[in-house]
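Shown next, in C-alpha cells, is the structure this report addresses.
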Amino acid sequence: MVGTRATRRRNEGIQQIAERLRSLPEEQHEPVSSKLAAVLVPLFQDEDGVVKVWLTQRAMHLNSHKGEVCLPGGKRDPTDPDDAFTAKREAQEEMGLQPSSVQVLCQLAPMLSKHLYSVTPVVAQVPADFQPQPNADEVDAVFAMPLSAFLDAHQHIHWDVRSKSTTQRFYRVHSFDYQGYVVWGLTAVIMIRVAELALGRPPDFEVEHPSNARKPRM
C-alpha cells in the first residue's frame, strides 16, 4: 500500500515519535553475516518543530564509500558489548556526539551491506541543541534532513537491478536528493524503514520491485 497526501498525519513532534518507537516489540535478531557493524540513526526536533536525522558525508580521501552520505557508524569492535555501544562510539568519533546524550529508542533488524556486513540500525533521540563537530579524518560534512522526506515521492527516485543469482530477483535501489546531498543505497533503505515506523505510515512510493512480495519487517 502506498500512502497519499490526503491520508498523511499532521506533523508529529519528537516525543510522539519516540513513544511510538519505544513501543515497538523487542525482538532478538540474528546477524545476517559474520561481519558485524552498527549505525546510529540520530533523531531530533529543530526549532521549527521539524523532526530530522543527522547524516554524514564521508571524506573524499577514504578508501571506501568516499563522498557517500551515510549514517554515523562502523564495524563492531571485539570489545564492544553491543550494537548500541558501537553506534554511539562511532557517532562520537565522526561528529562529536557524546554517548551520554544519546537516548536509544529501538533497534531494527540487521541489514546486509554491499560489502557483506551485518548492519544493525540503532534509532535514538539526541539533544536539539547538539552542534556537530565533524572529524576531518572521516567525514567532510554533517547535515540534517527531515525524517518525512524519506516517505516523499517528490524527493525520491529508484532503479531496479536484476540479481546475478539463479533466482533472478530484482533489487530496488532508492535515492533521495536533498540540498545537493544524495542519500542512496543501504542508508536510504534504513531511513525509509525508520521513517515508516517513526511516522506510522507507508511511503508515497513502492519500496519493493513488483515481482518481489514484500515481507513484514521490524
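The values are calculated or read from the model by the stated rules, or taken from the named source; none is laboratory data. Fair warning: this is a prediction, and the values are worked out from it, not measured in the lab. Using ideal geometry, Cβ is built from the backbone for each residue, glycine included, and neighbour counts are taken over all protein chains shown. We work out accessible area using only protein heavy atoms, side chains counted, and drop any ligands, DNA or RNA first. Shrake-Rupley method; radii C 1.70, N 1.55, O 1.52, S 1.80 Å.
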Counting only DSSP beta bridges with both partners in the chain, the antiparallel fraction in percent, to the nearest 5, comes to 80
Span from the segment 149-207 Cα centroid across to the segment 73-98 one, whole angstrom
25
At 0.36 nm per residue, minus the direct Cα-Cα distance, what do E93 and S34 gain on full extension? Give it in nm, one decimal, please.
18.8 nm
D for the chain, whole µm²/s, Stokes-Einstein with Kirkwood Rh over alpha-carbon pairs at 20 °C and 1.002 mPa s: what number?
120
Taking amide H atoms as placed 1.01 Å from N in the peptide plane, list the residues 5 or more away in sequence, or in a different chain, whose amide H sits under 5 Å from that of L105.
V123, A124, Q125
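Using 0.36 nm per residue, how much length does the chain from S23 to H158 gain when fully extended, once their Cα-Cα distance is taken away?
Extra length available between S23 and H158 comes to 45.5 nm.
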Give me the 1.4 Å probe accessible area per residue for the chain, excluding ligands and nucleic acids, in Å².
53
Which value at 222 nm does the chain reach when only helices count, each DSSP H run of 4 or more adding -39,500 (n - 2.57), with the total divided by all residues and rounded to the nearest 500 deg cm²/dmol?
-5500 deg cm²/dmol
Can you work out ³J(HN,Hα) from phi for every residue in segment 170-182, in order, using Karplus 6.51 cos²θ - 1.76 cosθ + 1.60 and θ = phi - 60°, giving whole Hz and x for Gly and Pro?
9, 10, 9, 9, 9, 8, 10, 10, 9, 6, x, 9, 10
For segment 85-218, the percent of accessible surface on carbon and sulfur atoms (probe 1.4 angstrom, ligands and nucleic acids excluded) is 54
About the Cα centre of the chain, what is the dipole size in debye to 20, counting +1 per Lys and Arg Cβ and -1 per Asp and Glu Cβ, all else neutral?
900
Given points 7 Å out from each Cα along the Cα-Cβ axis, report the F170 to N11 separation in nanometres with one decimal.
3.6
